[in-house]
Amino acid sequence: MRITIFGSGYVGLVTGACFANVGNQVICVDIDQSKVDALSKGEIPLYELGLEDIIKNCLAEGSLKFTTDAAMAVEHGDMIFIAVGTPPEEDGSADMQYVLTVANTIGEHMEGSKVVVNKSTVPVGTADKVGEALQQALAKRGARHKFNVASNPEFLKEGAAIADFTRPDRIVVGTDSNRVEEMMQELYAPYNRQRDKLIFMDVRSAELTKYAANSLLATKISFINEIANIADLLGADIEQVRVGIGSDPRIGYSFIYPGCGFGGSCFPKDLRAMEATAINVGYQPTLLAAVSSVNDHQKSQLFKKVAGYFHGQLEGKTVALWGLAFKPGTDDMREAPSRELMEALWQRGVKIQAFDPHAMEATQEIYGVRDDLLLCGTKEAALQGADALVICTEWKPFWSPDFSQIKEALRHPVIFDGRNLYDPQRLAGQGIQYFGMGRKNSVATTCPQPQRKATAE
């Protein structure tokens, strides 16, 4: 099948690569010539496991191309996917200018019948607006061509996007056209062999499904984080509570791992957009607002624990920070909890020595060169001379470190763990103070005296 994708960001690249990898002829469009030139050489602007290899293979085989030539790309595609960004407006609603610009561009160049598919995460009613933009562009040319506008929301997790695309739980398509259904069945057939994963519904329901899914997952995270904060104050262990509630099949274990808050490009943005959508139709989304509020509060918890431990005496301290990306498997720093922590510590005169396997360059791009930020080449280097270790991202290299080495390197043998990676009892046996999220050791209530390592007389 001949596929065109407008947008070569995260969603566009993963979608284009996966479609091209099974034999479709795919063209990805971007307005940035330098980006197109780099992508045409197999140089991708983000980290996603397995993506670069697929793109290089497809480029070599000729099944994937990148271009700035919109007219050529529109002519090429039987199905044209819109996969451009929908950044939040000040009120949280999705900014639709890029989606509608693409729709107008398609209308300016299309000849013959086309199927236009919204892959971007968009508010309910976007398909109608895309259709109107297409019709207006055609009318301006005096052209009359048939088209369909469908919704095919993505459900990709950063760090596991290739697996999510190739082995999906479900494939949601919003359409009222039998022709579109048939084309979608053909397009997704390589990823639909084990069982029928295609779910067809009306367009508005498909648009709402994406927002609803992300809002529910965010709700589960904020719920367990709030319970973790309560556990801290009650002297309960959230990890035991998590097992206790997760064993109920009505609840399950997915997305009930407490931490220092969620970030990234999806959950925060989609929550705000869902809130704005509800308000625009006269409904006050009390629960959704609370989910966002809890997450905002959660991102400050690590700082509060560090400040509590040192009794507010942070000036001149150095903190080792393991993990910068909002989650493992990506270099994405958008709304990462590490950013709020670092910025709060800097305001109190703290120097950061940070390590992340993939997000160092992104961090440098955001903050530039600073005297109070040292990006280290290894996790061990980040420890040297630091007063404490803080963990923000659960990268696998952090799961089983050498605790004796950590204790030796730190001025104070203390770890603040925003992802509950370690067993508090094990660390106590190593002579290391440990403060997780909801692990019966709330700094706010106990405020222990900082422990200094014993030194020989």
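The values are calculated or read from the model by the stated rules, or taken from the named source; none is laboratory data. Every value quoted in this text rests on a predicted model; they were computed, and no experiment measured them. No Cβ is skipped: glycine too gets one built from the backbone with ideal geometry, and neighbour counts run over all protein chains shown.
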Margin query: Would you confirm, using the coordinates I've provided, whether residue 104 is assigned by TED's automatic domain parsing to the domain that holds residue 15 and buried (at least 18 other Cβ atoms within 10 Å of the Cβ)?
Written below: no
Notebook entry, point to check: For the stretch 112-129, what are the residues that are in a loop (DSSP other than H, G, I, E, B) and either modelled with pLDDT of 95 or more or touching a strand residue (DSSP E or B) at 6+ places or on another chain (Cβ under 9 Å) (or both)?
Noted result: 113, 119, 120, 121, 122, 123
Next item on the list: Please indicate, with yes or no, whether at least one residue in the stretch 279-288 is crowded, with 19+ Cβ neighbours inside 10 Å, at pLDDT 95 or above and hydroxyl-bearing (Ser, Thr, Tyr).
Entry: no
Margin query: Checking residue 203 against (1) closer than 27 Å to residue 46 by Cβ; (2) among the β-branched types (Val, Ile, Thr); (3) touching a residue at least 60 places away in the same chain (Cβ under 8 Å): exactly one of these is not met. Which one?
Written below: (1)
Margin query: Taking the conditions exactly as written (touching a residue at least 24 places away in the same chain (Cβ under 8 Å) and either within 24 Å of residue 210 (Cα to Cα) or out of contact with any His (no Cβ under 6 Å at 6 or more places or on another chain) (or both)), does residue 27 satisfy them or not?
Written below: no
Check: Residues that are over 30 Å from residue 143 (Cα atoms) and either modelled with pLDDT under 95 or not polar (S, T, N, Q) (or both): which helices (runs of 4 or more DSSP H) entirely in the stretch 1-109 hold 3 or more of them?
Finding: 10-21, 33-40, 51-61
Note to self: Give me the residue from the stretch 423-440 that is among the small types (Gly, Ala, Ser) and either exposed (fewer than 15 other Cβ atoms within 10 Å of the Cβ) or in contact with a Ser or Thr (Cβ under 7 Å, 6 or more places away or on another chain) (or both) and, out of that set, farthest from residue 307 (Cα to Cα).
What the structure shows: 429
Margin query: Out of the residues in the stretch 342-352 meeting the condition of being surrounded by fewer than 20 Cβ atoms within 10 Å (Cβ to Cβ) and either in the same structural domain as residue 159 (by TED's automatic domain parsing) or not in a strand (DSSP E or B) (or both), tell me which one is nearest to the chain's Cα centre (by Cα).
Written below: 343
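Counting only residues that are of a type in the set (Val, Ile, Thr), give me the helices (runs of 4 or more DSSP H) lying completely in the stretch 204-298 with at least 3 of them.
Working: elements: 238-246, 267-280, 286-298.
Result: 238-246, 286-298.
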Checklist line | Of the criteria (1) among the small types (Gly, Ala, Ser); (2) touching a residue at least 60 places away in the same chain (Cβ under 8 Å); (3) within 22 Å of residue 426 (Cβ to Cβ), which one residue 400 fails | finding: (2)
Checklist line | Residues (farther than 10 Å from residue 92 by Cβ, small (Gly, Ala, Ser) and out of contact with any Pro (no Cβ under 7 Å at 6 or more places or on another chain)) located in the stretch 245-288 | finding: 246, 247, 252, 254, 259, 264, 265, 282
